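Right, one structure below, let's go through it.
The values are calculated or read from the model by the stated rules, or taken from the named source; none is laboratory data. Treat the numbers as computed from the prediction; the structure is a model and nothing was measured. When we count neighbours, we look across all protein chains shown, and the Cβ atoms used for this are built from the backbone with ideal geometry, even at glycine.
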DNA sequence: CAGCATATTCAACAAGCGTTGAATTATCAA
DNA sequence: TTGATAATTCAACGCTTGTTGAATATGCTG
């Protein structure tokens, strides 16, 4: 137990780094700030995780596996429950989004910070392509394959642009900039992921249908 | 001429700062990097623009007025061309997006960098709310008002969430992370704004209609 | 208790940071 | 040409950065 699991301070460093990196980006945070906020010496992050970039990677990787498993299981679940023709577009997108509510459900602020960190990386021209691909491409391709099956007449190009739009809307949601709070005068809240997904699912599903052949419903 | 317009090097500093800030964010760029790439002394940015943060603000403000005017004129244009009932959702979104193709049309790389900088700011939890509001809220509210008129049965809450989704998809497009290039195996290109908008306009219009009362078409 | 590996702190380093005051060059009107 | 003003460079400052080697504390094993 004591050997295998990292020390308590080690996890506290990851938690604090997660929060600060999500808020200010990689370059906007110093190792000293992390150490101070975690209540440990400046040298401890280096001891546990090596260089600053290694620490960043450790934070980014930490929850990725669990998140991917959760989303994939949601996809498999809706595929099993669906009939021969497979799940609908709405069901697939739902499986893509709902697992992200884990932050709200568990009340774990760490998950909220992590999702904001994903938004930071995904939107960054410098980090974006490489880091996201490495950890999330496999899963994303599963979802796109499911969507392709639900929209058999779709052209590949249209399918990818639709996913891009969905991904962008999701990214801005995860970033939690508070912008919609101000714009809407408080009627919408950035932190309310459930409301965001309740709107994003029908919103993007309609988009997919329009651009990727809406014959699905008419045929039945 | 010489007094009023800033010197040639002064503009070069802004151009380089724009490019680097868009790529690496505020904290990911040093004043020295900017000066080196611009081919000027380290002290010159401070002389012309003051503190580093003032330089960042100068870059962010520089093209904002022109961009806002261009978008507002596109909105007024489609409003004037439309009949009594006003423009359609598609026409409004088109007016919101097409002016952003100015970068491709003029071949000015500076505009591409600037749009990526907007994406960086808009997606940043720290900078996002304040900086975006200051420069773009007035315009955004014009567009939302036009959309409200085109969708008279819409609940305010739904309208704002729909705009949020549109804004997110646009933001990821402007960021130009190259992620869709890799995902699609080259079938889609991040740099092809025209293709992005050709897809985003019907995509988001369908979303607006589904969530904000689709009776518009059925009634006519 | 002794011994040892791990965890943590301490102290310091070389490098890079933003910024500034003084010195130098360019620009242009008189 | 001279003088004034703006533009630019030069040199340096005090401070912060990430990282490291040695010293100390902690916790477990025997």
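General observations
- Condition check for residue A:65: within 20 Å of residue A:174 (Cα to Cα) and in contact (Cβ under 8 Å) with a residue 40 or more places away in the chain: no
- Candidates A:148, A:179, filtered to the one that is more than 7 Å from chain B (Cβ to nearest Cβ) and over 20 Å from residue B:209 (Cα atoms): A:148
- Residue match in segment B:122-139 (condition: under 11 Å from the mean Cα position of the chain (by Cα) and buried (at least 22 other Cβ atoms within 10 Å of the Cβ)): yes
- Lone qualifier among B:213, B:207 - being within 20 Å of residue A:196 (Cα to Cα), in contact with a helix residue (DSSP H, G or I) (Cβ under 9 Å, 6 or more places away or on another chain) and at pLDDT 95 or above: B:207
- Of the residues making up segment B:9-16, one or more are more than 16 Å from DNA strand C (Cβ to nearest atom), assigned to a helix (DSSP H, G or I) and buried (at least 16 other Cβ atoms within 10 Å of the Cβ).
- Flag for residue A:211 being more than 7 Å from every other protein chain (Cβ to nearest Cβ) and touching a residue at least 12 places away in the same chain (Cβ under 8 Å): no
- So residue A:170, is it more than 8 Å from chain B (Cβ to nearest Cβ), at pLDDT 95 or above and buried (at least 18 other Cβ atoms within 10 Å of the Cβ): no
- Scope segment B:151-167; condition farther than 30 Å from residue A:134 by Cβ and either without any contact (Cβ under 8 Å) to a residue 40 or more places away in the chain or facing chain A (nearest Cβ under 7 Å) (or both); matching residues: B:156, B:157, B:158, B:160, B:161, B:162, B:163
- Condition check for residue B:31: touching a residue at least 24 places away in the same chain (Cβ under 8 Å) and more than 21 Å from the chain's Cα centre (by Cα): yes
- Looking only at residues of segment A:182-207 that are within 9 Å of chain B (Cβ to nearest Cβ) and in contact (Cβ under 8 Å) with a residue 40 or more places away in the chain, we find that the one that is nearest to residue A:114 (Cα to Cα) is A:200.
- Those helices (runs of 4 or more DSSP H) lying entirely in segment B:18-87 with at least 2 residues touching a helix residue (DSSP H, G or I) at 6+ places or on another chain (Cβ under 9 Å), within 14 Å of chain A (Cβ to nearest Cβ) and surrounded by 13 or more Cβ atoms within 10 Å (Cβ to Cβ): B:31-38, B:52-62
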